[in-house]
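Working notes for the structure below.
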Amino acid sequence: LPTTMMILFVAPIAGKLGPRIGPRALMTFGMLTATVGLVGLSFIDIGTSYNAIWPFQMLLGIGLASTMPASAATAMGAVDHAKAGVASGVVNASRQVGGALGIAVLGGIGSTLAANAWADKIAPLPPARQALAEKLTPLVQGGRGNVVERLTGSPKAGAAALDSFMNGVHAALLTAGALTFVAALVALIGLR
């Protein structure tokens, strides 16, 4: 909700600022702000208070809202007016494909690293227990430590599952932060 609310409030303001300060400043600011939000979120843990989370979600929303109108206006301004409809379609399609691809890639990173962390944690178990614990990997990848605890009867197993899940979440958020930082550099250097 904090991310969405910031997008709703900031995007119209960013749209009005675009012609005054230019897309380079807005896109660079937006991607850097999103980077701070994503990197800040990468430090959360299972016990993190929501009061430590929502400010970073707001920064992420401010960053996205600052970038979206500027990138759309830049793309539309780069084509002939007769091709504005095609450009609009390409911008929207690119946004949809980018969102889906981002979710797939970051989800894959998070899922893989959560499974790897879980495999490391269960490696010292005797072979029979390790084989049973390996069957719980999909629950670990989904952040279902409570179910792991209930199935195993072990609070330590539930905590290990959640810790493994958070390992994947941290990596995915840091990867997203690195990508938005690169996007900020591209906007700063690449836009005229």
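The values are calculated or read from the model by the stated rules, or taken from the named source; none is laboratory data. Just so it is clear, the model here is predicted, and its values are computed rather than measured. Neighbour counts are summed over all protein chains in view; Cβ atoms, including those assigned to glycine, are modelled from backbone coordinates with ideal geometry. Surface accessibility is based on the protein's heavy atoms, side chains included, excluding ligands, DNA and RNA. Shrake-Rupley method; radii C 1.70, N 1.55, O 1.52, S 1.80 Å.
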For Lys121, counting only lysines whose alpha-carbon sits under 17 Å away and dropping same-chain residues fewer than eight positions off, the answer is Lys135, Lys156
Total charge of the residues flanking Val186 in space, meaning their Cβ is under 14 Å from its Cβ, with Lys and Arg +1 and Asp and Glu -1, is +2
Equivalent ellipsoid semi-axes - Cα gyration tensor, the range 53-152, angstrom: 45, 16, 10
What is the extension gain from Val186 to Ile46, computed as 0.36 nm multiplied by their sequence separation minus the C-alpha to C-alpha distance, in nm to one decimal? 47.0 nm
Just going by the charge dipole of the range 1-127, with Lys and Arg at +1 and Asp and Glu at -1 on Cβ, which of Trp118, Ala87, Pro55 is farthest out on the positive end? Ala87
Under the rule rounded for a/c under 1.5, else prolate if a/b exceeds b/c, else oblate, using alpha carbon gyration tensor axes a ≥ b ≥ c, the range 18-107 is classed as oblate
Lys83: which lysines have alpha carbons under 25 Å from its alpha carbon, excluding same-chain residues fewer than 8 sequence positions away? Lys16
In whole Å, what is the distance between the alpha-carbon centres of the range 128-146 and the range 42-81? 33 Å
Distance (nanometres) between label positions extended 7 Å along Cα→Cβ at Ala82 and Phe9: 4.5 nm
Could you check how much of the accessible area of the chain is carbon and sulfur, as a whole percent, using a 1.4 Å probe? 70 percent
Which value at 222 nm does the chain reach when only helices count, each DSSP H run of 4 or more adding -39,500 (n - 2.57), with the total divided by all residues and rounded to the nearest 500 deg cm²/dmol? -28500 deg cm²/dmol
